[in-house]
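Peer 1: Quick one: structure below, then a few questions.
The values are calculated or read from the model by the stated rules, or taken from the named source; none is laboratory data. Worth saying up front: this structure is predicted, and the values here are computed from it rather than measured. Cβ: placed from backbone, ideal geometry, glycine included. Neighbour counts: every protein chain shown.
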Amino acid sequence: MIKLVKDPLFYFPGLLTYLILFTRSLFSLYSVNTKERNLLCTHINKFLDEKSETDIKDYIEQFFVGLLEGDGTITVDFISSSKRRVRIIIALKNLEDNKFMLNLIEKYIGGRVVIERNNKYVTWYATSKTDTAKVFAVLAKYPLLSTRKLCQLEFAKYSIISRQDIPEKEFLKLRDNKYKNQEAMLD
């Protein structure tokens with residue numbers, strides 16, 4: 001069973017990173033004078049320069065978990081009765097700051113970043129066994145909080161661990177029922 005961290009301060013570094021990147025994107029969306037924008041970029045670069053590679057990796061991992069909770073999904077596709085594909089996806093509007101952020105996730109966690117849907121979205125994918133294993137390690141370190149994402153994660157883990165052949169019809173039934181324990185998780 002997954003243990004949830006109840007101390008809100010545990011997630012503070014990830015929240016701080018999110019706020020920095022969010023503020024940066026707000027400045028770029030609204031016409032702020034160049035001097036203020038440069039000052040903010042200087043503060044972000046100073047923040048990143050002052051941290052060790054390990055500290056930055058920890059911040060990115062925590063930020064990634066929050067981003068996955070809000071804008072991501074964990075899906076499992078039926079390939080054959082003995083093979084299933086787990087995909088972890090985060091799709092965002094194609095903005096420079098979003099590309100920057102997803103490229104940091106690619107650098108420190110893995111996966112790949114692509115521009116898609118007529119250049120409107122920047123999407124981060126983890127589809128290989130190596131990348132999904134890295135993501136699962138991050139989620140073991142910094143657990144998901146929402147029951148919906150926890151149900152998606154549990155179904156993905158079950159699909160990887162289960163070695164039995166499952167006909168497509170049964171797989172679809174299992175996938176459709178992955179949220180059935182969601183209410184019990186709240187107790």
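Peer 1: Looking only at segment 50-74, how many residues end up being of a type in the set (Val, Ile, Thr) and within 16 Å of residue 107 (Cα to Cα)?
Peer 2: Applying the first criterion (of a type in the set (Val, Ile, Thr)) to segment 50-74 yields 54, 56, 60, 65, 73-74.
Add one more test, that the residue is within 16 Å of residue 107 (Cα to Cα), and what stays is 54, 56, 60, 65.
Counting residues in segment 50-74 that are of a type in the set (Val, Ile, Thr) and within 16 Å of residue 107 (Cα to Cα) gives 4.
Peer 1: I'd like the full set of residues that are among the aliphatic types (A, V, I, L, M) and in contact (Cβ under 8 Å) with a residue 40 or more places away in the chain, limited to segment 170-187.
Peer 2: 172 - this is the single residue of segment 170-187 that is among the aliphatic types (A, V, I, L, M) and in contact (Cβ under 8 Å) with a residue 40 or more places away in the chain.
Peer 1: Give the residues of segment 58-80 that are over 13 Å from the mean Cα position of the chain (by Cα) and not in a helix (DSSP H, G or I), sorted by residue number.
Peer 2: 76, 77, 78, 79, 80
Peer 1: Please find, among 173, 169, 178, the residue that is closer than 20 Å to residue 80 by Cα, crowded, with 17+ Cβ neighbours inside 10 Å and not β-branched (Val, Ile, Thr).
Peer 2: 178
Peer 1: Which residue pairs have Cβ atoms closer than 6 Å, lie 6 or more positions apart in sequence or on different chains, and pair a first residue in segment 110-128 that is free of Cβ contacts under 8 Å to residues at least 24 places away in the same chain and over 10 Å from residue 88 (Cα atoms) with a second residue that is of a type in the set (A, V, I, L, M) and part of a strand (DSSP E or B)?
Peer 2: Qualifying pairs under 6 Å: 115/122.
Yes or no, residue by residue, for (1) charged (D, E, K, R); (2) in contact with a His (Cβ under 9 Å, 6 or more places away or on another chain); (3) modelled with pLDDT of 90 or more; (4) part of a loop (DSSP other than H, G, I, E, B):
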position: 131; (1), (2), (3), (4): yes, no, yes, no
position: 134; (1), (2), (3), (4): yes, no, yes, no
position: 180; (1), (2), (3), (4): yes, no, yes, yes
position: 183; (1), (2), (3), (4): yes, no, no, no
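Peer 1: So which of 60, 88, 74, 109 ends up being of a type in the set (A, V, I, L, M, F, W, C), surrounded by 17 or more Cβ atoms within 10 Å (Cβ to Cβ) and modelled with pLDDT under 95? Explain how you work it out, then say what you get.
Peer 2: Working: 88 fails: modelled with pLDDT under 95; 74 fails: modelled with pLDDT under 95; 109 fails: modelled with pLDDT under 95.
The unique qualifying residue is 60.
Peer 1: Going by the structure shown, is residue 138 surrounded by 18 or more Cβ atoms within 10 Å (Cβ to Cβ) and either in a strand (DSSP E or B) or in contact (Cβ under 8 Å) with a residue 60 or more places away in the chain (or both)?
Peer 2: Yes, satisfied.
Peer 1: In this structure, does residue 17 turn out to be modelled with pLDDT of 80 or more, farther than 30 Å from residue 163 by Cβ and not charged (D, E, K, R)?
Peer 2: no
Peer 1: Turning to a different aspect of this structure: Test residue 79 against the stated conditions and say whether it is under 18 Å from residue 57 (Cα atoms) and β-branched (Val, Ile, Thr).
Peer 2: Taking the combined requirement at face value, the residue does not satisfy it.
Peer 1: So, in segment 81-129, exactly how many residues are part of a loop (DSSP other than H, G, I, E, B) and hydrophobic (A, V, I, L, M, F, W, C)?
Peer 2: Counting residues in segment 81-129 that are part of a loop (DSSP other than H, G, I, E, B) and hydrophobic (A, V, I, L, M, F, W, C) gives 2.
Peer 1: Of everything in segment 150-166, what is hydroxyl-bearing (Ser, Thr, Tyr), surrounded by fewer than 17 Cβ atoms within 10 Å (Cβ to Cβ) and in a helix (DSSP H, G or I)? Give them in sequence order.
Peer 2: Scanning segment 150-166 gives a single hit, 158.
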